[in-house]
Amino acid sequence: MSDVRYPFTAIVGMADLRLGLLLNAVSPAVGGVLVRGEKGTAKSTMVRALAGLLPVIAAVDDCRFACDPAAPDPQCPDGPHVSPSFAERPSQLVELPVGVAEDRIVGSLDLERALAEGVKAYEPGLLARAHRGVLYIDEVNLLQDHVVDLLLDAAAMGRSYVEREGVSVRHAARFLLVGTMNPEEGELRPQLLDRFGLTVEIAATRDPAERAEVVRRRLAYDADPAGFAARFAEEERALAEHITTARELLPRVELTDVALRQITAVCAAFEVDGLRADIVMARTAVALAAWDGRTEVLEEDVRKAAQLALPHRRRRNPFDAPGLDEEQLDRTLEEHAQQEAPEPEGDGPGPDGDGGPDGGPEDGGPDGRGPDGGGPDGGGAPEPSDGGPEVSAGESAGEPAQPPVPAQHPSPARESAPVAAGDPYRTRLFTVRGTGHGAQGRRSPAETTGGHTIRARRPQGALGRLHLTATLQAAAPHQAARGRSGRALVLNKDDFREQVRQGRESNLVLFVVDASGSMAARQRMTAVKGAVLSLLMDAYQRRDKIGMITFRGAGAELALPPTSSVEVGAARLESLPTGGRTPLAAGLLRAHEVLRVERLRDPNRRPLLVVVTDGRATGGRDALARSQRAAALFAAQGTASVVLDCESGPVRLGLARTLAGLLGGTAVSLDELRAEGVASLVRENRPTTVRENRATTMRKAA
């Protein structure tokens, strides 16, 4: 790979991404930019190219924290800097690896000096290196949540706080934060999304001429990187000067009361949480004015700032797509464009009129739907009334109501159209028994690199996180025998101890969903899909991988291979048709094969099997016996499992609960799935026999 960066000005298209990066270069206080897009769209190329445009900085000589000689950090660990000498150097581009440890980010105790010289010394991390430069996180959605939280806290405060292993350090950490992600590989939690100042959605152009130009330039760069960069050197120099000029103009830009009122009105109209959006919009609008060479913020700056700062803050649940209603934005800006807002007319649109908050009908958006295009509350399907029948997707969209399905057991051979899922809700927590060693998450107990320290042990292989106290205790009794003569300890390899930390891991939650004719009753399938959607949301919040197998008709289908993208699972669930026979055995055997392959790929990620069925099995004389033999395979391997019992009606066969006993897992009904109290939130998945299930049922009846 060439050391010559691809020129920023040579990148074709992607105007919003270009603008978002440049605004952060002008004003890092904007809070960084998150770039969301499909693979192969030059996200990383553009970010790396930006670093070459940033002005050179003056840094104090021999300062590991790049202190500005004009205003050195009074808390700098290498300070105090009194009349320091300095040198100019380019701004740093620090790239954060996906598997980075917390110590590498914030820094830690210099163990070599601590043990050899007996002094406490701090070894700076990547945040110190990124100060006054660019911190680039590729695939930010694949980082552990606590790592992302730590990075965003430092970016928001402009300072890194280190309190660990007897070290207490504060140092400046102001940097341009850029994260890139492919939504297909999983989303960031809304709380983390909100911490990024701006977000930009990008996709590869569909224009053949533009695609041809992209390919032409890339081939030219690969053939002669230096020559290609020279072609754009003048444009790069002009753009770098533009950034410097805008930075100098920034303090003189005035945010008028009209512009500020428009900003706050837009944030209120779009119902974003908290006040961070208002602050980010204000800073972005000021940076836009400076970039355009103006000293006053205009309405066009506010509009563009809203388009960059608000879409990712409008998500109400993990399955909402980021977006912004342009018509609502224009109406809100127009209403608050004057110094004195006019009195609203009694029957006109607006916040106090008969319409909704965006001037549309009373139920939300401009077309009578909620702000996200779903029901009145923007959540998709409407909330069913107590005791009343739930409506189908067509009925919720205002189409004529369809006649009710007369039979609870439609013809096995007939396929029914997909029905909408019910509203998701908070579910009980199901965990895998025992202590695992998988990736950090929020589901099952595990030994992890995070969490709290529970004990010390001799290293198993390479030394991981050193347990300093235990190491010193192991070495202390032998110092006299080893001839210690100074402050430094005399250590042997056998003295070292490492920390054992306990936290929670993420699991592979594999859904096996019965989509046969016995599940096809309209009201019933809506409730079942709502339950699965709720479990999907729970998996999203606990950072699990998920997979989905459906079975109906003649066999089973892997509808969703194991992935971190829960949104894709929700989409597959929404379009799931029903009908046909019930090949339960085929579904279980397919699940067994998927888990076998996943164990080879990721041995440390423990699975949780969730079977959604009424327990019936058809498609042959011994269909039920074959399904029972398939269930025994999971019990033999000790696979944690939950059976979501979907059986309904006055006469119940209890087949789903029998299946749970054969799996060695737990059976819960749709009603029991909802979180009812604190005790249910910490329930551990354990093998449950049919007899225990019957006893529980009798106790509830009593």
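The values are calculated or read from the model by the stated rules, or taken from the named source; none is laboratory data. As the structure is a computational prediction, the values presented were derived from the model and not from experiment. Using ideal geometry, Cβ is built from the backbone for each residue, glycine included, and neighbour counts are taken over all protein chains shown. Side chains included, ligands, DNA and RNA excluded: accessible areas come from the protein's heavy atoms. Shrake-Rupley method; radii C 1.70, N 1.55, O 1.52, S 1.80 Å.
Kirkwood analysis of region 122-196, using all unique Cα-Cα pairs, places the hydrodynamic radius at 13.1 Å.
Computed on the Cα atoms alone, the convex hull of region 621-677 gives a volume of 80 cubic angstrom per residue. Taking the inverse of the mean 1/r over every pair of distinct Cα atoms in region 509-625 gives a Kirkwood hydrodynamic radius of 14.4 Å.
Taking label points 7 Å from Cα along the Cα-to-Cβ direction, A268 and A156 give a separation of 2.4 nm.
Applying 1/(1 + (r/R0)^6) with R0 = 56 Å to the Cβ-Cβ distance of S485 and H437 gives a FRET efficiency near 0.85. Taking N as the residue count of region 416-522, its C-alpha radius of gyration divided by 2.2 N^0.38 Å amounts to 1.92.
Taken over the alpha carbons of region 13-87 as equal point scatterers, the Debye sum produces base-10 log I(q)/I(0) values at 0.12, 0.25 Å⁻¹ of -0.50, -1.08. The accessible surface of region 464-505, taken with every protein chain in place and a 1.4 Å probe, is 49 percent carbon and sulfur.
The share of accessible area on region 1-141 that comes from carbon and sulfur is 51 percent, using a 1.4 angstrom probe. Quote the FRET efficiency, to the nearest 0.05, computed for R629 versus R572 with a Förster distance R0 of 30 Å and r equal to the Cβ-Cβ distance. Computed FRET efficiency for R629 and R572: 0.60. With all protein chains in place and a 1.4 Å probe, the accessible surface of region 529-604 carries 51 percent carbon and sulfur. Between region 248-293 and region 468-540, the alpha-carbon centres lie 42 Å apart.
A 1.4 Å probe run over region 440-565, with the rest of the protein chains in place, finds 41 Å² accessible per residue. For region 45-84, the solvent-accessible area of protein heavy atoms averages 46 Å² per residue (probe radius 1.4 Å; ligands and nucleic acids excluded).
Set the Förster distance to 30 Å, then compute FRET efficiency between E38 and R601 from the Cβ-Cβ distance, nearest 0.05. Approximately 0.80, to the nearest 0.05. Note on exposure: R542, R276, R487 ranked by accessible area (1.4 Å probe, complete protein assembly) read R487, R276, R542, with the most exposed listed first. Of the residues V611, V214, ranked by 1.4 Å probe accessible area with the largest first, the sequence reads V214, V611. Straightening the chain between D3 and A462 buys 161.9 nm, computed as 0.36 nm per residue apart minus the Cα-Cα spacing.
Packing-based ranking of 238-249, 453-464 yields 238-249, 453-464, ordered from highest to lowest mean Cβ neighbour count within 10 Å.
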